[in-house]
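The values are calculated or read from the model by the stated rules, or taken from the named source; none is laboratory data. This is a predicted model, so every value here is computed, not measured. Please note: Cβ atoms are built from the backbone with ideal geometry, for glycine as well, and neighbour counts cover all protein chains shown.
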Amino acid sequence: MYRCPACPDAVARIGGGTDAPHLSGEVRFYQEYGTVLVVADISGMPTCGGTGFFALHIHEGGACGCEGFAQTGGHYNPKKMAHPNHAGDLPPLMRCGDRAFLAVPTDRFCVQEIIGKTVVIHDGPDDFRSQPAGNAGMKIACGVICKK
């Protein structure tokens, strides 16, 4: 059983860029028994067009930076695996209205390894096959993962 929702080991506070200025939320990380529970709670998701699915990845970079979130770099991939087996590849967010929620366990990383990395939301779904990063579209939101 995971600890209380208010007690994550790390959190990324997500903010949207110019293409999704109202997007905000948190991605929380809970280390427990050799796995990490990743919980994303996002509001202000774009509602025009698209499939309603948005790629969610952990990226190597330690800053969101300016327009386009270029400082986030590529997907977190310490074992140099092909996509979609990067440690930072997560299941997509599915929009319902202007909100998205995801809770998924992973054993691809531990919380300590991702402190200082970034969480990125893209404007489209990850196709889970295109190299090197799944053809997920533009980066529309970002947050730096900080130890709680």
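Numbers for the structure displayed
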| read-out | value |
| --- | --- |
| Candidates ALA63, ALA40, filtered to the one that is of a type outside the set (Ser, Thr, Tyr) and surrounded by fewer than 17 Cβ atoms within 10 Å (Cβ to Cβ) | ALA63 |
| Residue in region 108-117 that is within 24 Å of SER43 (Cβ to Cβ) and either loosely packed, with under 15 Cβ neighbours inside 10 Å or in contact with a Cys (Cβ under 7 Å, 6 or more places away or on another chain) (or both) present | no |
| Selected residue (criterion: farthest from ALA55 (Cα to Cα)) from residues of region 99-132 that are among the acidic types (Asp, Glu) and out of contact with any Pro (no Cβ under 8 Å at 6 or more places or on another chain) | ASP107 |
| Cross-chain or 6+ apart pairs with Cβ under 7 Å, region 111-124 first and among the basic types (Lys, Arg), then in a strand (DSSP E or B) | LYS117/ILE58; LYS117/HIS59; LYS117/ILE145 |
| Scan of region 17-54 for residues that are small (Gly, Ala, Ser) and within 17 Å of GLY97 (Cα to Cα), ordered by number | ALA20, SER24, GLY25, ALA40, SER43, GLY44, GLY49, GLY50, GLY52 |
| Strands (runs of 3 or more DSSP E) fully within region 32-148 counting 2 or more residues that are over 18 Å from PRO8 (Cα atoms) | 56-59, 93-96, 99-106, 118-122, 139-147 |
| Residue in region 38-57 that is modelled with pLDDT of 90 or more, charged (D, E, K, R) and more than 19 Å from PHE128 (Cα to Cα) present | yes |
| Top-ranked residue of region 58-107 - restricted to ones that are β-branched (Val, Ile, Thr) and modelled with pLDDT of 95 or more, ranked as farthest from VAL38 (Cα to Cα) | ILE58 |
| Selection count where residues are over 27 Å from CYS48 (Cα atoms) and surrounded by fewer than 18 Cβ atoms within 10 Å (Cβ to Cβ), scope region 133-148 | 3 |
| Which listed residue, of HIS59, HIS75, is touching a helix residue (DSSP H, G or I) at 6+ places or on another chain (Cβ under 6 Å) and closer than 17 Å to MET138 by Cβ | HIS59 |
